[in-house]
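Novice: Please read through the structure below; I'll follow up with questions.
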Amino acid sequence: MNILLLGSGGREHALAWKLAQSPRCDRLFIAPGNAGTALVGSNVALSITDFAAIGRLVKEQQIGLVVVGPEEPLVKGIRDHFEADASLRSVPMIGPSQLGAQLEGSKDFAKAFLTRHNIPTARYKTFTSDNLEDGYAFIDALKPPYVLKADGLAAGKGVVILDQAAAAKSELKEMILGKKFGAASAQVVIEEFLHGIELSVFVLTDGTSYRLLPEAKDYKRIGDRDTGPNTGGMGAVSPVPFATKEFLQKVEERIVIPTVRGLAADSIRYNGFLFIGLMNVGGDPYVIEYNVRMGDPETEAVIPRIQGDLLELLLATGEGRLAEVPLTIDPRTAVTLVLVSGGYPNDYKKGLPVSGLGNDGDSLVFHAGTSTNAAGEVVTNGGRVFAITSFGTDISSARALSYAAAEKIGYEGKYHRSDIGLDLI
Ligand code: AMP
Ligand code: GLY
C-alpha cells in the first residue's frame, strides 16, 4: 500500500520512520518532509494546505492512507474536502473533520464540548467586543493568576497568564480591541488557573473505539528549570512516573471515555490522534486543551514505544475497526532531547551545514528542521533541528544516551536544554 504523510517536523520523521517498517508499506510519500523523512520515504514538494494538489497526488499514486501530521490542514477542512470528492471519499484519513478540528482550532468550542459532556476542566467564560465589560467583572470574580486564551490558532502564543487583575483587564482589551492575535483573539476565553503538574495523554480513536497510547511529559520553555520563553517543545519523556496506573484510570474514565462518546453524540467524524493536555490537580485530572494531532516532540518519545505495526493500527483507525487491532507498548523509558538553532524561539539562522550525522548508535535521530542543499548536504532549516530519542530501563540511563548522541552532532549555534527528565528522577 502507498501512504501519504503530511508535514515536515520531527513528529513526521518519527511517524514516517515507524510506518516505513510495516511489511504492508510499499511507497511512503511525505509532503513536504525534511532531510530525515527522505531517508525513509520520498519527499514531495507540496503545500500541506493545497488540497487540490494533495488530492491529485493521492489519485496518481493510488494512496491507500493519508496521515495528517499538523493541525493546520485539519482546521482548514482537508477531510471535508476529500469527503466532498467521490474519487477521494473512500481513502482512509488520519484526522478529524473540520468540525472535530475545532477542538483545537477554537478554545471556546473545546470548552463548550468539555462542559456539555461533563468532562473536568477549569471554570471559564468567553468574551468578545460585545461583552468586554462582563470580562472585566469576570476577572474581578476570579482569584489570580488569570488565564486568558485567544480563541483561535495563534502559533502557540495565544495563552497569556497574568498575576494582576489590572494587567489581565488591559490584556483582555488588547486581545479583543487591539487585535493582538488578529482574528484569533476577537474572542477570548478567560478561565480559572489550575495548580498542578502537566501531562500529555494521547489517544487513537475511530470515533467509536479508542486506544490509549503512552503518555508523555513535554518541556516547553527554552531554558533549564523551565525558564525563558515558550517554544514548540524542547524535550519529552515517556512514560511519566507520576502518571500512575490509578491516575491514568481516572483519565480514562473521566476524560477519554466521555470525550469519545461526546464525539459520537455530537456527530463529529473523528478518525485519528487526539492529544489531551491535562493538569494533575492533587491527583485529579483536568483538561487544559485538546489537540487534534500528535504532540511534537512527544511523538518522538511515544511512537518508538509502540511495538508492532503502526500502519495496521492507523489503517484500522481510518477504516473504523480499531477495536480489532491490539496495541503493545515497550515498557522501557524513552527520553527525547531537542537540538535547536541558536536564537530560537526568536530569530535564528537557516542553511547551516550539519556534521556528525549517521553514527547514531542506539539512539534515534529524528530530523525536525532540516533540508538538503544543492550539494546534497544536510543543512538546518528550522528552529527545532533534531529530536534525539534513546531508550533506557529508567530516565537516567535513557537521558545519558540522548545527551551523548547530541554531542556527536554539530552545527553553528547548536543549543539544547541540559535538564530534560531531571525533574522526574
Ligand atoms: P494551552 O495552549 O491551552 O495548552 O495553554 C498553554 C499553557 O498554558 C499550558 O501548557 C499550561 O502550561 C498553561 N495553562 C493553560 N491553561 C491553564 C490553566 N487553566 N491553569 C494553569 N495553567 C494553564
Ligand atoms: N509539544 C506540544 C505540542 O505539540 O503542541
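The values are calculated or read from the model by the stated rules, or taken from the named source; none is laboratory data. As the structure is a prediction and not an experimental result, all values here were calculated from the model. As a convention, Cβ positions derive from the backbone with ideal geometry for all residues, glycine included, and neighbour counts pool all protein chains shown. Accessible surface areas use protein heavy atoms only, side chains included; no ligands, DNA or RNA. Shrake-Rupley method; radii C 1.70, N 1.55, O 1.52, S 1.80 Å.
Novice: Quick test for you: out of Thr328, Thr299, pick the one residue that is of a type in the set (Ser, Thr, Tyr) and in contact (Cβ under 8 Å) with a residue 60 or more places away in the chain.
Specialist: Thr299 is the lone residue from the list that is of a type in the set (Ser, Thr, Tyr) and in contact (Cβ under 8 Å) with a residue 60 or more places away in the chain.
Novice: Right, here's the next one. Between Val58, Val40, which is buried (at least 22 other Cβ atoms within 10 Å of the Cβ), over 17 Å from the mean Cα position of the chain (by Cα), over 21 Å from Glu104 (Cβ atoms) and of a type outside the set (Asp, Glu)?
Specialist: Going through Val58, Val40 in turn, the sole match is Val58.
Novice: Quick test of your reading of the structure: Lys143 fulfils all but one of (1) in contact with a helix residue (DSSP H, G or I) (Cβ under 9 Å, 6 or more places away or on another chain); (2) more than 16 Å from ligand 2 (Cβ to nearest atom); (3) outside any helix (DSSP H, G or I); (4) open to solvent by 60 Å² or more (accessible area, probe 1.4 Å). Name the failing condition by number.
Specialist: Answer for Lys143: the failing condition is (1).
Novice: Taking only segment 71-98 into account, find how many residues are of a type outside the set (D, E, K, R), closer than 21 Å to Thr259 by Cβ and in contact with a strand residue (DSSP E or B) (Cβ under 9 Å, 6 or more places away or on another chain). Steps first, answer last, please.
Specialist: From segment 71-98, those of a type outside the set (D, E, K, R) are 73-75, 77-78, 81-82, 84, 86-88, 90-98; that's our starting set.
Filter again for closer than 21 Å to Thr259 by Cβ, leaving 74-75, 93-98.
Next cut, in contact with a strand residue (DSSP E or B) (Cβ under 9 Å, 6 or more places away or on another chain) only: 74, 93-97.
So the answer is 6.
Novice: Please go through segment 261-276 and pick out each residue that is part of a helix (DSSP H, G or I) and open to solvent by 10 Å² or more (accessible area, probe 1.4 Å).
Specialist: Selection gives Arg261, Ala264, Ala265.
Novice: Another one. Name, by its number, the condition in (1) hydrophobic (A, V, I, L, M, F, W, C); (2) within 29 Å of Arg384 (Cβ to Cβ); (3) within 19 Å of the chain's Cα centre (by Cα) that does not hold for Leu99.
Specialist: Of (1) hydrophobic (A, V, I, L, M, F, W, C); (2) within 29 Å of Arg384 (Cβ to Cβ); (3) within 19 Å of the chain's Cα centre (by Cα), only one is false for Leu99: (2).
Novice: Which of the residues spanning segment 384-399 are surrounded by fewer than 21 Cβ atoms within 10 Å (Cβ to Cβ) and either farther than 16 Å from Asp423 by Cβ or touching an Asp or Glu at 6+ places or on another chain (Cβ under 9 Å) (or both)? Don't jump to the end; show me each part of the working.
Specialist: Within segment 384-399, the first condition is being surrounded by fewer than 21 Cβ atoms within 10 Å (Cβ to Cβ), and the residues that meet it are 391-394, 396-397.
Result: Phe391, Gly392, Thr393, Ser397.
Novice: Since Gly308 meets every condition but one in (1) at pLDDT 95 or above; (2) surrounded by fewer than 22 Cβ atoms within 10 Å (Cβ to Cβ), which condition does it not meet?
Specialist: (1)
Novice: Under 7 Å by Cβ, and 6 or more places apart or on different chains, what pairs join a residue from segment 405-421 that is touching a residue at least 40 places away in the same chain (Cβ under 8 Å) with one that is crowded, with 17+ Cβ neighbours inside 10 Å and part of a helix (DSSP H, G or I)?
Specialist: His416/Ala406; Ile420/Arg399; Gly421/Ile395; Gly421/Arg399
Novice: When only residues in segment 164-201 that are part of a helix (DSSP H, G or I) and acidic (Asp, Glu) count, which is farthest from ligand 1 (Cβ to nearest atom)?
Specialist: Going through segment 164-201, the residues part of a helix (DSSP H, G or I) turn out to be 165-176, 182-185.
From the residues that got through so far, the ones that are acidic (Asp, Glu) too are 171, 174.
On the way: Glu171: 14, Glu174: 18 Å.
Taking the candidates together, the pick is Glu174.
Novice: Sticking with this structure for a sec: Report yes if some residue within segment 202-225 is part of a helix (DSSP H, G or I), at negative phi, away from ligand 1 (no atom under 14 Å from the Cβ) and not hydroxyl-bearing (Ser, Thr, Tyr); otherwise report no.
Specialist: The answer is no, given that none of the residues of segment 202-225 is part of a helix (DSSP H, G or I), at negative phi, away from ligand 1 (no atom under 14 Å from the Cβ) and not hydroxyl-bearing (Ser, Thr, Tyr).
Novice: Return the residues of segment 152-163 that are in a strand (DSSP E or B) and open to solvent by 80 Å² or more (accessible area, probe 1.4 Å); say none if nothing qualifies.
Specialist: Ile161 - this is the single residue of segment 152-163 that is in a strand (DSSP E or B) and open to solvent by 80 Å² or more (accessible area, probe 1.4 Å).
Novice: Run Arg269 past the list (1) closer than 21 Å to Leu322 by Cβ; (2) within 16 Å of ligand 1 (Cβ to nearest atom) and report the number of the one that doesn't hold.
Specialist: Failed condition: (2).
Novice: If you don't mind, another one. Inside segment 314-342, can you point out the residues that are part of a strand (DSSP E or B) and either on the phi > 0 side of the Ramachandran plot or not small (Gly, Ala, Ser) (or both)? Before you say what the answer is, go through the steps one by one.
Specialist: We begin by selecting, within segment 314-342, every residue part of a strand (DSSP E or B); these are 328-329, 333-340.
Selection gives Thr328, Ile329, Thr333, Val335, Thr336, Leu337, Val338, Leu339, Val340.
Novice: Quick one: which of Lys149, Lys173, Lys220, Lys179 is buried (at least 20 other Cβ atoms within 10 Å of the Cβ), free of Cβ contacts under 8 Å to residues at least 60 places away in the same chain and charged (D, E, K, R)?
Specialist: Lys149
Novice: Restricting the search to segment 366-425, which residues are among the basic types (Lys, Arg) and under 17 Å from Met234 (Cα atoms)? I'd like the intermediate steps shown before the answer.
Specialist: Just the residues of segment 366-425 that are among the basic types (Lys, Arg), to begin with: 384, 399, 408, 414, 417.
Selection gives Arg384, Arg399, Lys414, Arg417.
Novice: Now for a separate question. Among the residues of segment 1-31, count how many are in a loop (DSSP other than H, G, I, E, B) and either of a type in the set (D, E, K, R) or buried (at least 24 other Cβ atoms within 10 Å of the Cβ) (or both).
Specialist: Total meeting the criteria: 5.
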